[in-house]
Structure formats: structure tokens, C-alpha cells
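Following: one structure in C-alpha cells, then a few remarks.
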Amino acid sequence: MRRFSSTASATAAQPLDDELNFELTQVLSPTTLGSVSYGATMQLGTLANLAEVLLSDGMRGEERLPTAAVPHALAARLLQWLPWQGTLALTSRAYVDSWGIAARPARRC
């Protein structure tokens with residue numbers, strides 16, 4: 001799915017977003033599914049919170065952030081049906097963006 005903003009240029013009120021997402025799911029056996037998905041977004045324009053922020057010296061000011069961000073997300077999933085009417089799910093996700101932020105969420109079930 002690709003979604004484009006209806007504006008030709010990015011403004012403070014309406015940043016420009018361009019997204020690319022895909023997912024591949026494969027039947028690996030009669031009781032096993034595998035899936036891989038990827039998503040990327042290009043964001044242009046004012047990405048900061050337009051409200052004032054409290055700075056470390058106690059003064060108020062504006063956030064100073066880059067005018068572009070390109071985050072990437074990758075996920076993998078393996079699902080195995082169990083004979084007692086249950087499912088075992090193994091999942092992994094990763095996130096990285098052009099601001100140097102990287103994450104691998106941890107989740108317990």
C-alpha cells in the first residue's frame with residue numbers, strides 16, 4: 001500500500017508522508033505459517049511538537065528537529081499449530097530511523 005499526501009509541498013500544519021509497506025506470508029507445512037513484513041515512511045516538513053517545550057535551563061523554547069525522518073520497521077513471525085488446539089507463535093520486530101533511533105521491542109505473553 002502506498003499513500004501520498006494530497007499536498008504538493010510540506011507545511012507546518014500538513015507534513016508530507018510517503019509510505020511503503022509489504023508482507024509475505026508462506027505456508028511452510030500443513031500446520032506451520034511463516035510471515036515477514038517491512039514498512040518504511042518518508043516524512044518531510046515540520047516534525048516537531050509545535051507547542052513550546054521546557055528546556056534544561058528552565059527556559060521555554062521550540063524543539064529543534066530535522067525536517068525529514070525515514071523510519072524502517074521489520075517483523076518476522078512463525079506460527080505453529082499444536083495438537084491440543086493451541087498455537088505457538090514466535091515473533092521478532094526491529095525499528096530503525098534516520099535520526100539514529102533503533103529498537104527491538106520485548107513482549108511477554
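Looking across segment 35-94, the residues that are within 15 Å of the chain's Cα centre (by Cα), among the polar types (S, T, N, Q) and modelled with pLDDT under 95 come down to T41, Q43, S92. Among the residues of segment 4-34, those identified as in a strand (DSSP E or B), at pLDDT below 95 and surrounded by 13 or more Cβ atoms within 10 Å (Cβ to Cβ) are L16, D17, D18, E19, L20, N21.
The values are calculated or read from the model by the stated rules, or taken from the named source; none is laboratory data. From a predicted model like this one, the values you see are computed outputs, not experimental measurements. We place every Cβ from the backbone using ideal geometry, glycine too, and count neighbours over all the protein chains shown.
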